[in-house]
Amino acid sequence: MNSKRSKLAVAVLAHKLYVLGGFDFRSSPVPTVELLDSRSGDWSKGPNMTTERADFAAAALGGAVYAVGGVDEDGSELSSVEMLDPKTGSWSEVTPMRSKRCGHCVIALGGCLYALGGYNGSTVVPSVERYDPQKDTWAPVCPMSSSRKDFAVVVLNDEIYALGGHDDEACQLDTVERYDATTDAWLSAPGMRTERCGLAAVALGGEIYAIGGRDDSYERLSSVERFVPRANVWVESSSIETARNDHVAAVLSEP
């Protein structure tokens, strides 16, 4: 990237990785957008968001990129949501979430966006809400069994997995739960081998990778573990070269 950032967000659309916002080296939220083209390997500047955002979440849905919640330049939690149309290169506001959130997660499933957990300005919450882009509306769905902030989510086998983070007592979590949208219910899943908050996660090759973060001693981690569904267990995987937390990870298809 062309600039250092933390608590940023990413989304993958077609062959491009969109890197959005975050805190800059002065710990100030920025509206900056950069794009990585997986075919050329080149970085380019994208259109800035309308709002400076950090500690927020993003996802691609229906050919658009959504930037959701976070904190602004005043450190205030946000409920606002904006959408980038790559064809026009412009951002526009859509209906805000029902709740302010930062340190939350957003993911697409079944033609909708789900905003999960985070901090609402007073406490860490387990609540989940779903955005229908056809109706431009948010609606509550079943909350997670645990309050979570600075956690990670992936979709595997048409279910949302929520991994780690910390709860409203700032205790790091190794717990994992999965959401079945057809029944609107959360179910328990095998816990990770290590407590992790500020981690990143991806689904790849039918498995889940939990990458880096901080452990229960607040030590920054380079370790990686992966969930093997057919064995229903987490196993160690190759570590990343640099210990990281408050980072992001994404899967891009090969050119």
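Read-outs: derived from the displayed coordinates by stated rules, not from any lab. Model, not experiment: these values are computed from the prediction. Please note: Cβ atoms are built from the backbone with ideal geometry, for glycine as well, and neighbour counts cover all protein chains shown.
Before moving on, here are some points about what is shown:
- Considering only chymotrypsin sites (Phe, Trp or Tyr not before Pro) in DSSP loops that have at most 13 other Cβ atoms within 10 Å, the longest stretch of the chain without any of them is 26-217.
- Charge context of residue 182, other residues only, Cβ under 11 angstrom, K/R +1, D/E -1: -4
- Under-5 Å amide H pairs with residue 109, H placed in peptide plane, nonlocal only: 114
- Within the straight-line cut-off of under 22 Å between alpha carbons, the lysines reachable from residue 87 are 16, 45, 135, sequence neighbours fewer than 8 places apart in one chain being disregarded.
- Within the stretch 149-241, the trypsin sites (Lys or Arg not before Pro) that combine a DSSP coil assignment with at most 16 other C-beta atoms in a 10 angstrom radius are 193, 230.
- Of the GluC sites (Glu not before Pro) found in the stretch 190-255, those that fall in a DSSP loop while having at most 16 other beta-carbon atoms within 10 Å are 219, 241.
- Computed over Cα pairs, the Kirkwood radius of the stretch 1-143 leads via Stokes-Einstein (1.002 mPa s, 20 °C) to a diffusion coefficient of 142 µm² per second.
- The trypsin sites (Lys or Arg not before Pro) found in the stretch 82-133 that occupy coil by DSSP, while having at most 16 further C-beta atoms within 10 Å, are 87, 98.
- Amide H contacts under 5 Å for residue 202: 209, restricted to partners 5 or more places along the chain or on a different chain, H placed in the peptide plane at 1.01 Å from N.
- Over the Cα atoms of the stretch 184-255, the radius of gyration divided by the Kirkwood radius equals 0.99; this is the Rg/Rh ratio.
- Dividing the alpha-carbon radius of gyration of the chain by the rule-of-thumb value 2.2 N^0.38 Å gives 0.93.
- The stretch 207-215 - phi-based ³J(HN,Hα) in whole Hz, Karplus 6.51/-1.76/1.60, Gly and Pro as x: 10, 10, 10, 9, 10, x, x, 10, 8
- Model label points for residue 2 and residue 202, set 7 angstrom from Cα along the Cα-to-Cβ axis, are 2.4 nm apart.
- Max mean-square fluctuation residue, GNM over the chain, Cα-Cα springs under 10 Å, options 94, 176, 106: 94
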